[in-house]
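Asks: I am attaching a structure below and will ask some questions about it afterwards.
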Amino acid sequence: MLTSEISFKNFRTKKEKFNSKINKKLKFLIKEKSQLILSLGNNYNDNFSKKLIKKYNRYKNFKVIGMGGSSLGAQTIYDFLKDKIKKNFFFIDNLNARSDKTLKNDVNLVVSKSGNTIETIINSNILIKRKQKNIFITENKKNYLRTLGEKLKADIINHNNFIGGRYSVLSEVGMLPAELMGLKSKDFRQLNSLIKNKKFLNALVQNVSSTLNFIKYKKLNSIIINYDAKSENLFKWYQQLIAESLGKHNKGLLPIISSMPKDNHSLMQLYLDGFKNNFFTFFYVHENISDKINSKSLLPELKKLKNKNASNITLAQKKATENVFKKRSIPFRSFEVKKRSEKTLGELFCFFILETILLGKALKLNPYDQPSVELIKKETTKLLF
């Protein structure tokens, strides 16, 4: 068990030589109490008030305009917990925005740390209409979007400069949308309890140690075998987290998302019998509600499926695939979420963020910057201006 609601099977490897080194780095990371780490726990102070949330309680439709980490965290929360959210959120996270009259919109939430993200500026220009309500999240310094927000008389929330976009999900960037969805930010921030959980910490250390061993032997493709459609954006968020944090100085991992059971019919042959530079993460969420099989329509040879539902079939496929991976000695870890909640999602956020930072430090990389992305932004600016 990783936590009370998350079952976790770690990579089946021998005790790694990296364990003690990673354990020391983890202890230092927790004791250091950086502002980024504090944002994962309940000691973090948000830059928005309950009064602001109350102001927007009556609105039902929200449009979130942002790129990468400015949007993916909120998208993850919305999709993962959609069954308990009564409001409608639409996410504009690419440069293909169109002014769509059929898209109901009461409030625009514009997010950019720098305030100068070109795609967010263009999308805001196209989509924000007169007399709409607007909230902007950006750094507390002069930038384009802050100036625009002031002109529109928007509510402007400060984006702390010590938290980069991909790490910002448990700060204002993810928690303000969560509160607007009717969720409680305190339920996501689980670090305080997790650092007292020896099983969680041991699993984290062993996991990072195993991953370093894979990197040592050039297993560089980290493939997500995802059996939960509502977690697709969780792994798009994770993909950015890993790729931007570790992909530098000729190092890194390539995170690939595979949707199951669909990809059993396309990619699984390669995973089982192709090149061997992969390691895998299985992910499954137990659902209380699932479409039942129509027993009356079953032919006699399939009567054993009577009273089964789609979730039963998917879980059986996951376990069967894990069994085949074991027999083939293909390295994998496995997450099973027992209950879909703010708490379990917060625990997953904490696990993946700590994992990424520890991998970066062990590889002697700065896990917080993305210098090459900044080069493209500068080149784009030259061409446009």
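The values are calculated or read from the model by the stated rules, or taken from the named source; none is laboratory data. Predicted model, so just to flag it, every value in this text is computed and none were measured. Cβ sites come from the backbone with ideal geometry, for glycine too, and all protein chains shown count toward neighbours.
Asks: Quick check on my filter: what residues within region 327-385 are in the same structural domain as K216 (by TED's automatic domain parsing), in contact with an Asp or Glu (Cβ under 9 Å, 6 or more places away or on another chain) and acidic (D, E)?
Replies: Once the filter is applied, which keeps residues that are in the same structural domain as K216 (by TED's automatic domain parsing), in contact with an Asp or Glu (Cβ under 9 Å, 6 or more places away or on another chain) and acidic (D, E), region 327-385 yields E342, E347.
Asks: Output the number of residues of region 1-59 satisfying the condition of being assigned to a loop (DSSP other than H, G, I, E, B), in contact with a strand residue (DSSP E or B) (Cβ under 9 Å, 6 or more places away or on another chain) and basic (K, R).
Replies: So the answer is 1.
Asks: Still on this structure, please answer the following. Please list, ordered by first then second residue, the pairs with beta carbon atoms under 6 Å, 6 or more apart or interchain, first in region 120-143 and under 17 Å from D155 (Cβ atoms), second of a type in the set (D, E) and not in a loop (DSSP other than H, G, I, E, B).
Replies: Listed pairs, sorted by first residue: I135/D155; I137/E172.
Asks: Name the residue that is surrounded by the fewest Cβ atoms within 10 Å (Cβ to Cβ), counting only residues in region 250-272 that are within 21 Å of S329 (Cβ to Cβ) and polar (S, T, N, Q).
Replies: Q269
Asks: To continue, here is another question. Do we find that Y167 is more than 21 Å from S49 (Cβ to Cβ), of a type outside the set (D, E, K, R) and surrounded by fewer than 23 Cβ atoms within 10 Å (Cβ to Cβ) in this structure?
Replies: So Y167 fails the test.
Asks: In region 96-204, which strands (runs of 3 or more DSSP E) lie fully inside it and hold 3 or more residues that are of a type in the set (S, T, Y)?
Replies: Qualifying strands (runs of 3 or more DSSP E): none found.
Asks: Could I ask something else about it? Quick check on this structure: which one of S231, S193 is under 20 Å from K339 (Cα atoms) and without any contact (Cβ under 8 Å) to a residue 12 or more places away in the chain?
Replies: Criteria check complete, one pass: S193.
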